[in-house]
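A.B. asks: One structure is given below, represented as structure tokens, and several questions about it will come after.
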Amino acid sequence: MNDKKLTPRSENYSEWYNQLVLRAELADYAPVRGCMVVRPYGWSLWENIQDALDSRFKATGHVNAAFPLFIPMSFLEKEKEHVEGFSPELAVVTIGGGVELEEPLIVRPTSETIIGYMYSKWIQSYRDLPVLINQWGNVVRWEMRTRLFLRTLEFYWQEGHTAHATAEEGEIETRQMLDIYTDFAVNEAAVPVIPGRKSETEKFAGAVRSYTIEAMMGDTKALQAGTSHNLGQNFAKAFEIQYLDENNTLQYCWTTSWGLSTRFIGAIIMTHGDDQGLILPPRLAPIQVVIVPIFRKDEEQEAVMAAVDKVKAELADFRVKVDDRMEVTPGFKFNEWELRGVPLRIEIGPKDVANHSVALARRDIPGREGKSFVPQANLAQTVGDLLETIQASLLVKATQFRDENIFEPKDYEEFKAIINRGGWCYVWWKPNAENEAKIKEETKATLRCIPLDQPGGKGQCIYSGEEATEKAYFAKAY
RNA sequence: CGGGGUGUAGCGCAGUCGGCCAGCGCGCCGCGUUUGGGACGCGGAGGUCGGCGGUUCAAGUCCGCCCACCCCGACCA
């Protein structure tokens, strides 16, 4: 841990991940098992994620609200699958103010129930629909094994909850939000994802249909990076969310829910990071450009710092940090900001002052190859273009890596071999929960999703050999 | 919950057969020299040895119980 270099990914991927999260100061372990503290740098990244998502939610007519952290235990029990899915991981409050509660409260693991309860009060008529509310908050799920960002007892997320008049509208909303997640992942985070449907086994407890965006991490394992659920009328019936339609007939609403969590930070880390550390996509990076001044003598310092100030002012439209610490050397700073994933570094030294230039170093291209010397004139344009280039090339690189690790095995033997050495399998699949369970048992791989983008036609199911009309992705997952 | 491991300075660790002042590296503080890829010298600060109990003239060290955390499995955004 005190070694200057991170454990290389090839040596121990999860060790690399843990060290990176701690040393980049994204998060730290809290004094409670399985809980994390999101440090300012990590939270700033999360805020940028929030902004990117929130603006998309607002643009599609959603509004934000806040619902309670505590939910009456009985609420959860109203939806059968929901309670079965969540009861093993609930935190339950039985005492309040020193007095035993009449009814235990659970700390929300998700808010379908309490929001459903409120919707039943608020919705009377078709004129009240649709209801399109999102909430930014935290939830608690008492997981057995935890990893920073990827799975903690408490995590931060947004959960959207909508109610609609028809099944079609519900499905359209569900899919719209999946599209938004996809757009966010690809265009803001440069994380290529495969949008698809979850199998019956993998779907959300209480949903009719679940959709997911699946991303491939640097070790080829899959990560569910966001989900969108069509809840049908399950929760509407459980909570009597009803409305009168145009014909004065009482109808149950059709509801949806969709969420994306701080887990996504894990996705960014494991999609772009290298052995040197984190690599952040410019659009989400808390610091897009770090300026490192370099000088030997006092007289150099003055001239260099004047140039630094000028450059910083020129780059006012970007998130810029000047690292003017005197107690560490430039070389130390280079390594530290690379560890922390800042996309672009500007070095300004006496030579640059003399030449009216700066040195630029791209985080995504290590070493001399990623370094260039450019004039100070018109620097904002240069930097803007370069950040766009970096953003684009991160996506290209990640997409290439993903595609190189997706295979189409001819038979189940080959399937097992691929899963075993790491990689995704794209195969014909005839839906069957038992076979899915057997595959999981035999290979540890799960059905990640049935992609929306289907080739059409028919083929033989990879496991049963039966005729199948859809293809699916299988992989080991986080 | 099952298996494995670890608790000694902020972090990483050493501490032999129980022995008198508990140490090393990094980090931290001060001063000076340094600064274009992880600088160096000198001087300092910092400890309920996870907790409780026991054995003993004497416990970081031996014994018992407890607690916490980490890793590997079964569950999951």
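The values are calculated or read from the model by the stated rules, or taken from the named source; none is laboratory data. Because the structure is a prediction, the values reported are computed rather than measured. Virtual Cβ from ideal backbone geometry, glycine too; neighbours counted across all protein chains shown. Quick note on the areas: whole protein, heavy atoms, side chains included, nothing else; ligands and nucleic acids left out. Shrake-Rupley method; radii C 1.70, N 1.55, O 1.52, S 1.80 Å.
A.B. asks: How many Å² of accessible area per residue for chain A, probe 1.4 Å?
C.D. replies: Values: 21770 Å² over 478 residues.
Heavy-atom SASA per residue in chain A reads 46 Å².
A.B. asks: Now, a different point. Solvent-accessible area of A:V208, probe 1.4 Å, all protein chains present, reported in Å² to the nearest ten, please.
C.D. replies: Surface open to solvent at A:V208 totals about 60 Å².
A.B. asks: What residues qualify as long-range amide H neighbours of A:A477, i.e. H under 5 Å apart, gap of 5 or more or another chain, H built at 1.01 Å from N?
C.D. replies: Long-range HN contacts for A:A477: A:A222, A:T446.
A.B. asks: Leaving out ligands, DNA and RNA, what percent of the accessible area of chain A is carbon and sulfur, probe 1.4 Å?
C.D. replies: Values: 10760 of 21770 Å².
Heavy-atom surface of chain A belonging to carbon and sulfur, 1.4 Å probe: 49 percent.
A.B. asks: Around A:R56, with a cut-off of 11 angstrom between Cβ atoms, what is the net charge of the other residues, counting Lys and Arg +1 and Asp and Glu -1?
C.D. replies: Details: positive: A:K58; negative: A:D51, A:D54, A:D179, A:D183, A:E188.
With Lys, Arg at +1 and Asp, Glu at -1, the neighbours total -4.
A.B. asks: Same structure again: With the Cα gyration tensor of segment A:4-128 giving a ≥ b ≥ c as the square roots of its eigenvalues, does the rule (a/c under 1.5 for rounded; else a/b larger than b/c for prolate; else oblate) give rounded, prolate or oblate?
C.D. replies: It is oblate, given that a/c is not under 1.5 and a/b is not larger than b/c.
A.B. asks: If you don't mind, another one. Between rounded, prolate and oblate, where does segment A:13-272 land on the alpha carbon gyration tensor, with a ≥ b ≥ c its root eigenvalues, rounded for a/c under 1.5, else prolate if a/b exceeds b/c?
C.D. replies: Values: a/c = 1.98, a/b = 1.33, b/c = 1.49.
Oblate, since a/c reaches 1.5 and b/c is not below a/b.
A.B. asks: Still on this structure, please answer the following. Among all the lysines, which ones have a C-alpha under 18 Å from A:K121's C-alpha, if same-chain residues fewer than 8 places away are not counted?
C.D. replies: A:K78, A:K237
A.B. asks: If amide H atoms are built 1.01 Å from N in the plane of the peptide, which residues on other chains or at least 5 residues away come under 5 Å of the amide H of A:N64?
C.D. replies: A:N134
A.B. asks: Under 26 Å Cα-Cα from A:K312, which lysines qualify once same-chain neighbours fewer than 8 residues away are excluded?
C.D. replies: Leaving aside lysines fewer than 8 places away in the same chain, those within reach of A:K312 are A:K297, A:K321, A:K333, A:K351, A:K371.
A.B. asks: While we're on this one: With a/c under 1.5 counting as rounded, go ahead and sort segment A:296-337 into rounded, prolate or oblate using the C-alpha gyration tensor (a ≥ b ≥ c being the square roots of the eigenvalues; past the cut-off, prolate if a/b is larger than b/c, else oblate). Display every interim value, and only then the final one.
C.D. replies: On the way: a/c = 3.14, a/b = 1.15, b/c = 2.72.
Oblate.
A.B. asks: Output the pairs from A:K5/A:K444; A:K416/A:K438; A:K198/A:K410; A:K416/A:K444 with a Cα-Cα distance over 20 Å in this structure; if there are none, say none.
C.D. replies: Numbers: A:K5/A:K444 32 Å; A:K416/A:K438 12 Å; A:K198/A:K410 23 Å; A:K416/A:K444 10 Å.
Violating the 20 Å limit, Cα to Cα: A:K5/A:K444; A:K198/A:K410.
A.B. asks: Mind checking which aspartates and glutamates have their Cα closer than 17 Å to the Cα of A:K430? Skip sequence neighbours fewer than 8 apart in that chain.
C.D. replies: Within the straight-line cut-off, A:K430 pairs with A:E200, A:E202, A:E408, A:D411, A:D453, A:E466, A:E467, A:E470.
A.B. asks: With Cβ to Cβ distances under 10 Å as the rule, what net charge do the other residues near A:W254 carry (K, R +1; D, E -1)? If you can, show how the numbers build up before the last one.
C.D. replies: Numbers: positive: none; negative: A:E168, A:E169, A:E171, A:E173.
Result for the local shell: -4.
A.B. asks: What ³J(HN,Hα) values, in whole Hz, does the Karplus curve 6.51 cos²θ - 1.76 cosθ + 1.60 give for segment A:464-476 when θ = phi - 60°, with x put for Gly and Pro?
C.D. replies: Each residue of segment A:464-476 in turn: 8, x, 6, 5, 10, 10, 10, 9, 9, 9, 10, 6, 6 Hz.
A.B. asks: Using DSSP to define loop residues, name the GluC sites (Glu not before Pro) in segment A:409-468 whose beta-carbon has at most 14 other beta-carbon atoms within 10 Å. Write down the numbers at each step before the final one.
C.D. replies: Numbers: sites: A:E413, A:E414, A:E434, A:E436, A:E441, A:E442, A:E466, A:E467; in loops: A:E466.
Filter output for segment A:409-468: A:E466.
A.B. asks: A:I450: accessible area at probe 1.4 Å, nearest 10 Å²?
C.D. replies: The accessible area comes out at roughly 10 Å².
A.B. asks: Can you show me the helix-derived [θ] at 222 nm for chain A, built from DSSP H runs with n ≥ 4 at -39,500 (n - 2.57) apiece and divided by the number of residues, rounded to the nearest 500. Please list the in-between numbers first.
C.D. replies: Details: 14 runs with 170 residues, N = 478.
When only DSSP H runs of four or more count, the value is -11000 deg cm²/dmol.
A.B. asks: Determine, for each peptide in A:406-412, A:91-97, A:459-465, the mean count of other beta carbons within 10 angstrom over its residues, then list the peptides with the highest first. Intermediate values should be presented prior to the final figure.
C.D. replies: Details: A:406-412: 15.1, A:91-97: 10.9, A:459-465: 17.7.
The most tightly packed comes first, giving A:459-465, A:406-412, A:91-97.
A.B. asks: Right, another one. Rank-order A:15-24, A:352-361 by packing density, defined as the average count of other C-beta atoms within 10 Å over each peptide's residues, highest first.
C.D. replies: Most protected by this proxy first, the peptides run A:15-24, A:352-361.
A.B. asks: Follow-up. Using packing as a proxy for protection, rank A:223-232, A:31-40 so that the peptide with the highest average count of other Cβ atoms within 10 Å comes first.
C.D. replies: Details: A:223-232: 25.3, A:31-40: 14.1.
Top of the packing list down: A:223-232, A:31-40.
A.B. asks: Counting only protein chains, not ligands or nucleic acids, how are A:R56, A:R151 ordered by accessible area (probe 1.4 Å), most first?
C.D. replies: Sorted by accessible area, descending: A:R151, A:R56.
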